[in-house]
1. Viscosity 1.567 mPa s, temperature 4 °C: what is the translational diffusion coefficient of the chain from Stokes-Einstein with a Kirkwood Rh over Cα pairs, rounded to a whole number of µm²/s?
2. Considering only protein heavy atoms, what per residue accessible area in square angstrom results for the range 26-73 with a 1.4 angstrom probe?
3. Sum -39500 (n - 2.57) across every DSSP H segment of at least 4 residues in the chain, then divide by the residue count to get the 222 nm mean residue ellipticity, nearest 500.
4. Accessible area of the chain with a 1.4 Å probe: how many percent of it is carbon plus sulfur?
5. Can you compute the label reach from residue 102? Point 7 Å from Cα along the Cβ direction, backbone N cut-off under 17 Å, restricted to the range 119-142.
6. Rounded to whole Hz and in sequence order, give me ³J(HN,Hα) for the range 48-61 from the Karplus expression 6.51 cos²θ - 1.76 cosθ + 1.60, θ = phi - 60°, writing x for Gly and Pro.
7. Top to bottom by accessible area (1.4 Å), largest first, where do 127, 42 land?
8. Obtain the nm distance between the two label points defined at residue 39 and residue 115 by a simple spin-label model: each point lies 7 Å from its Cα along the Cα-to-C-beta direction.
Amino acid sequence: SKNRNNNNHKEIISETKSNHVLMNSIRAAQKGHTFIYRNWEVESFGNPFAHVILRGYVDTLGISHSNYDKETIHQVIKMYQEYDLSNPAIIIDCNHNNSNKDYMKQIDIAKEVLKYRKEDEEIKNIVKGLMIESYLIDGNQKADEGVYGKSITDPCLGIEKTKQLILDIAKELRG
């Protein structure tokens, strides 16, 4: 479950109602459901690996904030414990509001999260991955600019920087 991208992460983490929404969305995703779709009864089995994605947030004043810090990760760990959900996991989105949409910051964020994992066993056990926004050419463009391989949505790392980041991550994890 993604944290809501337009709310203050401190609200998500500290308010009981918001905690309830975040953790119950994971609980709902992990459980099976029966529902009617086009006059057919459909049964889903749920996804036991539903998880939290920390992608930053925009506060009520429209200011972008990150939420990949150690404190937030530890608060999510505590929430997982309180709600007794299976397969606790966090994915850190290195772009979006965590980077304030500065695609080059993804490299530093990824390396910082790897440092957290190295220093803290609880964080190592719960942070299962990183989302890194990547395309062929660095940055982004307007849809009518026509540069092949350059994103027309969010700014992205280009393939060369992505390749180097993946190699750096692999080296750090082996290290």
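1. Working: Rh = 17.7 Å.
The calculation lands on 73 µm²/s.
2. On the way: 3190 Å² over 48 residues.
That works out to 67 Å² per residue.
3. Calculated mean residue ellipticity at 222 nm is -13000 deg cm²/dmol.
4. 53 percent
5. Correct set: 133, 139-140.
6. Calculated HN-Hα couplings, in order: x, 9, 4, 8, 8, 10, 9, 10, x, 7, 10, 7, 5, 8 Hz.
7. 42, 127
8. 6.1 nm
The values are calculated or read from the model by the stated rules, or taken from the named source; none is laboratory data. Nothing here was measured: the structure is a model prediction, and the numbers come from that model. Counting neighbours? That spans all protein chains shown, and the Cβs are built from the backbone with ideal geometry, glycine included. Just the protein is used for accessible areas: all its heavy atoms, side chains included, with ligands, DNA and RNA removed. Shrake-Rupley method; radii C 1.70, N 1.55, O 1.52, S 1.80 Å.
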